[in-house]
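Laboratory data are not the source of any read-out in this text; all were calculated from the coordinates shown. No experiment lies behind these values; they were computed from the predicted model shown. Counting neighbours? That spans all protein chains shown, and the Cβs are built from the backbone with ideal geometry, glycine included.
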Amino acid sequence: MEQYYIVKYTGPFGFIKPWTAVRDSETFSQQFLTPSIVEGIEKKLFPNLLGETGIKKIAAHRISYAQISQQQEVIQTRGWNSTRKGKQILFERPTAVLVRGVLLDPVLSLAFTNKQDAEIAFQQHVCLCRNEDLLLPYKILEISREDFDTDDEFAGYELIFEENEASFHVGYDRKTQKPMYGWLKIIGTPVKAI
């Protein structure tokens, strides 16, 4: 029976950027982590993997939360607009307001098959999608893979990164521009009662 070493992280809030949010005026959070988010978390924990592609050390993951809070945020465009006023050229960056859905009290469980990897991860913080949304480790557990998928302590959403009849489109591979697919595994009650 395969053993998992689980590192549990928690924090007051966390934003998960939807893969469609690049030009959306409303970027409501989603309840699952995309392949690029999990790979980014892994590369933060293990910087020696920065030159490699794909997820190498995180065997599974699970996220749950208490609720989603809708918050307004002022943003600026990336580009500059120029206008003429007499002989002067004026440059400006327009602003806009968008609504973000932020997870309150998220709990993230990362599963590793190697105890040393779990211990390295346990000594560090992670972020879901924004650097200011820190999740800190608070527990490390050794359990079987079967228990990870049935124990209510690990309730949450997990996107399984594979294509089958239950899969849906979850983004594009940045290197190949090919669509990526996954299906949602839901264990227990992912939205916790407050």
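Measuring r between the beta carbons of Glu146 and Arg78 and using R0 = 35 Å, the FRET efficiency lands at 0.15. With neighbour counts taken as other beta-carbon atoms within 10 Å, the residues Phe15, Phe91 rank, fewest first, as Phe91, Phe15. Taken about its Cα centre, the chain carries a charge dipole of about 1400 debye when Lys and Arg each add +1 at the Cβ and Asp and Glu each add -1 at the Cβ.
Based on every Cα atom in region 46-194, Rg and the maximum pairwise Cα distance Dmax equal 20.6, 72 Å. Here's how it looks for Tyr172: its modeled amide H is under 5 Å from those of Met180, which are all 5 or more places away or on a different chain. Counting only alpha carbon atoms, the long axis of helix 35-45 and the longest principal axis of the chain meet at about 80°. As a rough guide to protection, the peptides 132-139, 107-114 ranked by mean Cβ packing within 10 Å, highest first, stand as 107-114, 132-139. Along the axis of the charge dipole computed for the chain (Cβ charges of +1 for Lys and Arg, -1 for Asp and Glu, origin at the Cα centre), the listed residues Gly182, Val99, Ile68 are led at the positive end by Val99.
With a threshold of 19 Å on the Cα-Cα distance, the over-threshold entries among Lys17/Lys192; Lys43/Lys139; Lys43/Lys175 are Lys17/Lys192; Lys43/Lys139.
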